[in-house]
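For reference, the structure is listed below as structure tokens.
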Amino acid sequence: MTAALPDPVFNPDARIDVLRAGKTQEAIVVIDDVLLNPDILIEYAAQARFALPPATSRYPGLVAQLPDSYRIPLAEVLRGLMARTFDTHPHFRPANYGFFGLATVPPQTMTPAQAAPHIDSHRLNSFATVHYLSRSPYGGTGFFRHKATDHEVITPVRSDGYRRLRRQELEERKDQELGAILDLYEEIAYVEAVFNRLIFYKAGLFHSARLENTAGLSDDPRTGRLTANMFFNTEGL
């Protein structure tokens with residue numbers, strides 16, 4: 001039986017910045033010092049049961065369930081930001097889910113689908129967050145433009161055509177080196193992974209973890225590349 005832990009406490013004075021990326025100036029919200037007690041969330045992760053993600057997931061590592069004491073308040077904290085930044089309705093309360101992620105697969109051993117920048121959903125008014133919970137420098141998150149289509153965001157109208165082209169591009173490069181896959185995309189923004197920083201963006205925006213210090217990747221939440229990831233109005237993990 002695991003020990004009871006205090007609830008994570010959100011910082012009312014967290015610093016909020018909005019970056020604008022690419023030709024379309026897509027918003028990426030960066031929130032620093034999100035929690036007043038971030039080490040509590042790491043302890044939740046240390047007590048969680050990590051496992052491989054579902055077969056349909058591209059996540060390059062292990063996942064575990066987020067506590068409701070983090071997930072539910074975060075959804076409320078972000079609702080106002082959704083309205084101000086992305087023009088959603090102030091009372092918009094999308095379905096959400098989330099997981100702890102421990103990146104354990106280095107880029108050189110990823111599948112092409114894991115290595116290539118991706119989207120989390122093509123649905124309108126769908127969003128994703130990444131909360132960095134590692135003090136070690138494991139790398140942040142890059143945002144990209146798909147060169148062949150010139151798209152930075154995938155919408156419902158663009159989704160089918162892009163998926164067909166992506167499958168074709170990755171199949172043609174399945175036996176090539178990582179650089180051939182990454183060359184399909186151009187980086188348009190990068191957010192450094194700072195401890196207790198959370199980023200918040202449209203789920204249709206191309207993105208990918210830029211893993212660094214891969215020799216230190218671990219399945220220990222206290223020392224590995226730990227993140228808390230949330231998704232709003234998306235199809236599921």
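The values are calculated or read from the model by the stated rules, or taken from the named source; none is laboratory data. These numbers come from a predicted model, not from an experiment. All Cβ positions, even for glycine, are placed from backbone atoms using ideal geometry, and neighbour counts span all protein chains on display.
Among the conditions (1) touching a Phe, Trp or Tyr at 6+ places or on another chain (Cβ under 9 Å); (2) more than 30 Å from residue 16 (Cβ to Cβ), the only one that residue 173 does not satisfy is (1). The residue pairs whose first member lies in segment 154-173 and is touching a residue at least 60 places away in the same chain (Cβ under 8 Å), whose second member is part of a helix (DSSP H, G or I), and whose beta carbons are closer than 8 Å, counting only pairs six or more residues apart or on different chains, are 173/112; 173/180; 173/181. Take the conditions in contact (Cβ under 8 Å) with a residue 40 or more places away in the chain and assigned to a strand (DSSP E or B) and apply them to residue 31. Does it pass? Yes; evaluated as a whole, the condition is true for this residue. Taking the criterion of being of a type outside the set (S, T, N, Q), assigned to a loop (DSSP other than H, G, I, E, B), under 23 Å from residue 217 (Cα atoms) and at pLDDT below 95, the only residue of segment 108-132 that qualifies is 110. Would you check if there is a residue in segment 183-190 being among the aliphatic types (A, V, I, L, M) and within 18 Å of the chain's Cα centre (by Cα)? Within segment 183-190, one or more residues are among the aliphatic types (A, V, I, L, M) and within 18 Å of the chain's Cα centre (by Cα).
Can you go through 223, 234 and tell me which one is under 22 Å from residue 61 (Cα atoms), among the β-branched types (Val, Ile, Thr), assigned to a loop (DSSP other than H, G, I, E, B) and under 17 Å from the mean Cα position of the chain (by Cα)? Answer to the selection: 234.
May I ask you to verify whether residue 175 is assigned to a loop (DSSP other than H, G, I, E, B), farther than 17 Å from residue 144 by Cβ, touching a Gly at 6+ places or on another chain (Cβ under 9 Å) and not β-branched (Val, Ile, Thr)? Spelling it out, it is not the case that residue 175 is assigned to a loop (DSSP other than H, G, I, E, B), farther than 17 Å from residue 144 by Cβ, touching a Gly at 6+ places or on another chain (Cβ under 9 Å) and not β-branched (Val, Ile, Thr). When 190, 138, 185, 201 are screened for being surrounded by fewer than 18 Cβ atoms within 10 Å (Cβ to Cβ) and touching a Phe, Trp or Tyr at 6+ places or on another chain (Cβ under 9 Å), only 190 passes. For the subset of segment 54-68 comprising residues that are surrounded by fewer than 17 Cβ atoms within 10 Å (Cβ to Cβ) and out of contact with any helix residue (DSSP H, G or I) (no Cβ under 8 Å at 6 or more places or on another chain), which member is farthest from residue 233 (Cα to Cα)? Of everything passing the filter in segment 54-68, 55 is farthest from residue 233 (Cα to Cα). Scanning segment 44-95 for residues that are small (Gly, Ala, Ser), in a loop (DSSP other than H, G, I, E, B), under 18 Å from the mean Cα position of the chain (by Cα) and modelled with pLDDT of 95 or more turns up nothing.
If you go through segment 198-224 and pick out every residue that is at pLDDT 95 or above and β-branched (Val, Ile, Thr), you end up with 2. Of the residues making up segment 133-153, those that are more than 16 Å from residue 114 (Cα to Cα), in contact (Cβ under 8 Å) with a residue 60 or more places away in the chain and part of a strand (DSSP E or B) are 145, 153. The C-beta contact set for segment 1-28 (first residue at positive phi, second residue at pLDDT below 95 and surrounded by 10 or more Cβ atoms within 10 Å (Cβ to Cβ), distance under 7 angstrom, 6+ apart or interchain) is empty. Of all residues in segment 31-65, those being hydrophobic (A, V, I, L, M, F, W, C) and closer than 20 Å to residue 121 by Cα number 2.
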